[in-house]
Protein chains: 2
Amino acid sequence: MTAHYMTASEARRAMAAGSLTPLDLTRACLGRIAEDDARTRAWICMNGAAETQAEAIASSDPRPLAGIPVAIKDMIDTGDMPTTHNSPLYGGHRPAADAPCVEVLRAAGAIVLGKADTFEFAAGGRHAATLNPHDPTRTPGGSSSGSAAAVGGGHVPLALGTQTGGSTIRPAAYCGAGALKPSWGLISTEGVKRYAVSFDTVGLFSRSVEDLALLADVYALPEAPAATEGRLKIGVCRTPYFDQALPETVALFDALEDMLSPVADLVPFDLPAGFDEADELHRCVMHCEGASAFLNLVRTRPTLLHDDFHHRVELRGGYTQRQHYEAYDSLALMRIEMERRMAGVDVVLAPSAPGYAPKLENGLRPKENPVFNACWTALQLPVVNLPVWAPGAELPLGISLIAPRAHDRRLLALAGRLDGLLDQRQAVANF
Amino acid sequence: MTAHYMTASEARRAMAAGSLTPLDLTRACLGRIAEDDARTRAWICMNGAAETQAEAIASSDPRPLAGIPVAIKDMIDTGDMPTTHNSPLYGGHRPAADAPCVEVLRAAGAIVLGKADTFEFAAGGRHAATLNPHDPTRTPGGSSSGSAAAVGGGHVPLALGTQTGGSTIRPAAYCGAGALKPSWGLISTEGVKRYAVSFDTVGLFSRSVEDLALLADVYALPEAPAATEGRLKIGVCRTPYFDQALPETVALFDALEDMLSPVADLVPFDLPAGFDEADELHRCVMHCEGASAFLNLVRTRPTLLHDDFHHRVELRGGYTQRQHYEAYDSLALMRIEMERRMAGVDVVLAPSAPGYAPKLENGLRPKENPVFNACWTALQLPVVNLPVWAPGAELPLGISLIAPRAHDRRLLALAGRLDGLLDQRQAVANF
């Protein structure tokens, strides 16, 4: 297998066996980027010292990510590269230090190859220039466009993104990447550009569930209380928004029982009453918190600031600050009831996106639909995206697996049991 | 009145009347700092360009804080001065930009005179060197020690601090400063060192309620739905922790009815069942979120890191991450019930601290007791500290006024009606 298509775990094993060095892997990834990124445009800025840094790491280095190249969404501070948030207002911004989530990766031995493109402030305004690595006439999804495309396109095995609505899980689905949006609050978002503090989450991209578990170790995500042996009981949740699912997603859900029957029984998951308001409550909190997050830009750089952000500060999506707190309370009650119901199944399964990555419209990105993601983000729940490839398919779909808060590692263990059943390509492993 | 003892609002009026310039005021404050700070040690670093910046501001400048000197707690990023978090690990740290909360102040015309001392990471480890401006044998309180002492000591009319437990309200009480801890989430904490994301709040210090309202305008804090005319109904809440109140606080609460009788009727405030667990729930969330916040320090700089932070990351105060989420849920239910009960009164009144600022012990700061503050922080509620000076007293006490979330401006309007009744010194106005 070409080194740049290896997962991080495979690469680590090859390094331990002496058949791959960190420099080999970094060069393979840089070569793949040179070959593909003129088209895919996942990257905003490359780390000119990457090869030097790779050369300094021994193949025998025991750190969990020693010599593994990663992409960092350009919403996240790096001390050695600019951090622009894809905004002309921050075009010259050079943070003084890495964000803690990047420091933790580098301390584990990872090599930051560069910064990945994003929607402006992960919210609106300017879109990422990134195209879908599987079809350049389609969006890669956003806002973590570059991170998803870099992993899905074979540039790097791992990437960091962020999610406030569906900005990790949806682009992962569109680009055929695995992803974990952890339980809210477990990975520090210090040094990550603020949007909505109650929802902002560092998202993890990889090409295998095994690699997501490796990252979960690195970030000290919590252990699960129970094992995952035996036949699984999966709660299938079409969500209240299934009328927005496209035919390919409807067909996938009709086929799920057959696909997963080797290891699991599927039961309908009964959502709490009022769950159909979760998307609206998410929107209220996101807009009200965004009004605080972007106030400084309106006060200091109003002329160049995109109208999206003026509107967020001035209009708060039409909500009052009192509604903002009432939305916190409604979501808190929904979290309690949701987890009570989740106790009856091993895991909840839902769509990661309406369907295949949408086509660009006159060269521009279509409006993103976060309706299958925002509800889980609003409930603070951990979500894994598993790519689904039908036999012969040229585009991936995505399945979301959802667990109670703090069950992140148990969720990954469960996801690992389903992964191979959803990828039905006769292709190279993991890609 | 000496200019450095003016409130910001008084100074703005003097500037509008042509009797004071921004440079006059800045020089008066710098002179007071030169005179007092060898003793009080409120400041870590001064802005060498302050006089130049003041000179560039016209007395007629209409911005709300034009020419007003402020102190910034050294937990908050400044682009023109180091930000050390009072930690040797960040001794050389130079942020690339102001935190948004500082940008908003400067855009309103404020002059940042310098950085104010703090407990290390506003959490533990190294204490501030600051002493109480009214008695150098006593603590100024923490963690916003320098901000409270600078305002209480007449160095500057306004300061920013932070509060995760009681780090704004308690030092304000000990130093005789007014303060507002806004409803959680209304002022962006981006660029403020992370401790516990669910609680971290930018706190505002001033020498008058009028000035807190000025800051509330600058930060676009929400308007209140109702006016505050007529006789007030105040819910007196001794809290479940009143056995930790010192005799001076017990005496104050016995005298409150007489003091406030000109404008208010006092009724006992009936707390929700289980409220006595709020302090413990706060502790659980703070420790679990702190474990995420400080993980990068353990991974990158373990040798020099104070044991306080090793323990936070490794032990999480003894809590599991699952307990962390259950604490979120319990606090959310308590918020709902608390606000239901608050609908029966205009405002809730409680102690800001156990009593007078404690004496230093062998030159070291005594352990801080946040028990009268953490419960309100945990409930996201806005809190105002009003200084209480008995006739002839040499030390202040503090009263906390608490309102429902998003009622920050209504709370300030109510506080303005009580302020003059609590300060019984025959002294210069506002100080």
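The values are calculated or read from the model by the stated rules, or taken from the named source; none is laboratory data. None of these values were measured; they are calculated from a predicted model. Counting neighbours? That spans all protein chains shown, and the Cβs are built from the backbone with ideal geometry, glycine included.
Scanning segment B:261-294 for residues that are of a type outside the set (A, V, I, L, M, F, W, C), under 19 Å from B:GLU337 (Cβ atoms) and assigned to a helix (DSSP H, G or I) yields B:ASP276, B:GLU277, B:ASP279, B:GLU280, B:HIS282. Of all residues in segment A:135-174, those being in a strand (DSSP E or B) and either among the aromatic types (Phe, Trp, Tyr) or under 25 Å from A:THR2 (Cβ atoms) (or both) number 6. Screening A:THR249 on (1) outside the structural domain of A:VAL202 (by TED's automatic domain parsing); (2) surrounded by 22 or more Cβ atoms within 10 Å (Cβ to Cβ); (3) among the polar types (S, T, N, Q) shows it passes everything except condition (1). Cβ-Cβ contacts under 6 Å between residues 6 or more apart (or on different chains), taken from a first residue in segment A:380-397 that is on the phi > 0 side of the Ramachandran plot to a second residue that is buried (at least 24 other Cβ atoms within 10 Å of the Cβ) and charged (D, E, K, R), are listed as A:GLN380/A:ARG405.
If you filter segment B:227-260 down to residues that are assigned to a loop (DSSP other than H, G, I, E, B) and in contact with an Asp or Glu (Cβ under 8 Å, 6 or more places away or on another chain), you find that the one that is modelled with the lowest pLDDT is B:THR228. Every condition in (1) farther than 25 Å from B:ALA393 by Cα; (2) more than 14 Å from chain A (Cβ to nearest Cβ); (3) surrounded by fewer than 18 Cβ atoms within 10 Å (Cβ to Cβ) is met by B:GLN244 except one, and the failing one is (1). All conditions in (1) without any contact (Cβ under 8 Å) to a residue 40 or more places away in the chain; (2) in a helix (DSSP H, G or I) hold for A:LEU30, with the sole exception of (1). Restricting attention to segment B:295-315, which residues are within 10 Å of chain A (Cβ to nearest Cβ) and in a helix (DSSP H, G or I)? The answer is B:LEU295, B:ASN296, B:LEU297, B:VAL298, B:ARG299, B:THR300, B:VAL313, B:GLU314. Entry remark, segment A:11-27: residues being surrounded by fewer than 20 Cβ atoms within 10 Å (Cβ to Cβ) and not in a loop (DSSP other than H, G, I, E, B) number 6 in total. Only one entry of B:PRO69, B:PRO64 meets the criterion of being within 13 Å of another protein chain (Cβ to nearest Cβ), in contact with a helix residue (DSSP H, G or I) (Cβ under 6 Å, 6 or more places away or on another chain), in contact (Cβ under 8 Å) with a residue 12 or more places away in the chain and not basic (Lys, Arg), and that entry is B:PRO64. Screening segment A:186-226 for residues that are over 28 Å from A:ALA327 (Cα atoms), modelled with pLDDT of 95 or more and within 10 Å of chain B (Cβ to nearest Cβ) and picking the one that is surrounded by the most Cβ atoms within 10 Å (Cβ to Cβ) gives A:VAL218.
Where residues in segment A:175-185 are part of a loop (DSSP other than H, G, I, E, B) and over 9 Å from the mean Cα position of the chain (by Cα), which of them is surrounded by the most Cβ atoms within 10 Å (Cβ to Cβ)? Only one residue fits best here, namely A:PRO182. Counting the residues of segment A:188-226 that are part of a loop (DSSP other than H, G, I, E, B), of a type outside the set (Lys, Arg) and touching a helix residue (DSSP H, G or I) at 6+ places or on another chain (Cβ under 8 Å) gives 18. Scanning segment A:72-120 for residues that are in contact with a Cys (Cβ under 7 Å, 6 or more places away or on another chain), surrounded by fewer than 24 Cβ atoms within 10 Å (Cβ to Cβ) and more than 13 Å from chain B (Cβ to nearest Cβ) turns up nothing.
Among the residues that make up segment A:35-53, is at least one of them within 30 Å of A:GLY363 (Cα to Cα), in the same structural domain as A:ALA116 (by TED's automatic domain parsing), among the polar types (S, T, N, Q) and assigned to a loop (DSSP other than H, G, I, E, B)? For segment A:35-53, residues within 30 Å of A:GLY363 (Cα to Cα), in the same structural domain as A:ALA116 (by TED's automatic domain parsing), among the polar types (S, T, N, Q) and assigned to a loop (DSSP other than H, G, I, E, B): present. Is it the case, given these coordinates, that A:ALA14 is without any contact (Cβ under 8 Å) to a residue 12 or more places away in the chain, within 25 Å of A:ALA179 (Cα to Cα), more than 22 Å from the chain's Cα centre (by Cα) and away from chain B (no Cβ under 14 Å)? Spelling it out, A:ALA14 is indeed without any contact (Cβ under 8 Å) to a residue 12 or more places away in the chain, within 25 Å of A:ALA179 (Cα to Cα), more than 22 Å from the chain's Cα centre (by Cα) and away from chain B (no Cβ under 14 Å).
Quick test of your reading of the structure: B:HIS134 fulfils all but one of (1) closer than 18 Å to B:PRO396 by Cα; (2) within 12 Å of chain A (Cβ to nearest Cβ). Name the failing condition by number. Here B:HIS134 clears every test but (2). The set of residues in segment B:280-294 being under 22 Å from the mean Cα position of the chain (by Cα), facing chain A (nearest Cβ under 8 Å) and of a type outside the set (A, V, I, L, M, F, W, C) consists of B:GLU289 alone. So, A:ALA8, is that one at negative phi, surrounded by 16 or more Cβ atoms within 10 Å (Cβ to Cβ), in contact (Cβ under 8 Å) with a residue 40 or more places away in the chain and within 13 Å of another protein chain (Cβ to nearest Cβ) or not? Criteria not met by A:ALA8.
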